[in-house]
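Worksheet for the structure shown next.
The values are calculated or read from the model by the stated rules, or taken from the named source; none is laboratory data. This is a predicted model, so every value here is computed, not measured. Note that we place each Cβ from the backbone using ideal geometry, even for glycine, and neighbour counts take in every protein chain shown. When the accessible area is computed, the model is the full protein with side chains, heavy atoms only, and any ligands, DNA or RNA have been set aside. Shrake-Rupley method; radii C 1.70, N 1.55, O 1.52, S 1.80 Å.
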Amino acid sequence: MWLIIFVFTMLLSFGAMAYLKSVFARASLVPVASGLTGAQAAARILQSAGITDVEIVEDESFLGDHYDPLSKRLVLSRENYEGNSAANVGVAAHECGHALQHQQHYAPLQIRMGSVYATNFASNAILYVMMASMFFHLLSPYIAIWIIALCFGVIMLFNLITLPVEFDASARAKVVLQQLGIVRPGPEADAVSSALNAAGLTYVAAFIGSLLQFLYYVMLLTGRSRN
């Protein structure tokens, strides 16, 4: 059962990422009439919202775009920083959506920010607990399963709260891009929408994978309790 869940989760994740790359490649072929690059679009969006303390920086990684609320840095991959396609400005606007959430104290974002350290701890703890139980016999299997189930529960909840954060950022991006005239209705707006919707599927896949892992270990605990 664990192997089936693991393989299914991997296929789901790889499938979502492959679909995202395919959609992103098509959206990258649609130039925006405004001619703005991702960095310029981000600057205009932040300026229109009165956000002056967020730095826009370029990063080398592919699709490594993110907004860091702690350092107030909006990081764009080189392609999205310099490119002026619907995909490029769409991703930039999405990250600006997170900056807008931060400015407005959007509750799901605040919850996600507060749970980052607990989630990182839970992710690392799973491996250590497995090693302590299977190789060093420092923990009984029952205790190990309890801890692992708890860790996957934390990860699953983090992925769950991530969904409204990401979907809301994309919704904000679609609206503000047209409000500011960065993209026009029609093919440009459609390309932005398709790229952001495809990106959202990767977060859905991550949630489903963590949910299945959590349910699997809960099932193991339930079976042991019955025995």
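Of note:
- Of all residues making up the range 21-54, the number that are over 19 Å from residue 196 (Cα atoms), polar (S, T, N, Q) and part of a helix (DSSP H, G or I): 2
- Residues located in the range 6-47, provided they are open to solvent by 20 Å² or more (accessible area, probe 1.4 Å) and either of a type in the set (D, E, K, R) or touching a Phe, Trp or Tyr at 6+ places or on another chain (Cβ under 9 Å) (or both): 21, 26, 37, 44
- Every pair of residues 6+ apart whose Cβ atoms lie under 8 Å, when the first sits in the range 1-21 and is in contact (Cβ under 8 Å) with a residue 12 or more places away in the chain while the second is hydroxyl-bearing (Ser, Thr, Tyr): 1/216; 2/216; 5/216; 13/202; 16/202; 17/202; 20/202
- Helices (runs of 4 or more DSSP H) (entirely within the range 55-149) containing at least 2 residues that are among the hydrophobic types (A, V, I, L, M, F, W, C) and surrounded by fewer than 20 Cβ atoms within 10 Å (Cβ to Cβ): 107-134
- Yes/no for residue 184 being farther than 26 Å from residue 5 by Cβ, surrounded by fewer than 17 Cβ atoms within 10 Å (Cβ to Cβ), more than 14 Å from the chain's Cα centre (by Cα) and touching a residue at least 60 places away in the same chain (Cβ under 8 Å): yes
- Checking each residue in the range 150-181 for being of a type in the set (Asp, Glu) and surrounded by fewer than 18 Cβ atoms within 10 Å (Cβ to Cβ) picks out only 168.
- Failed item in (1) part of a loop (DSSP other than H, G, I, E, B); (2) touching a Leu at 6+ places or on another chain (Cβ under 7 Å); (3) more than 25 Å from residue 68 (Cα to Cα), with residue 182 passing the rest: (3)
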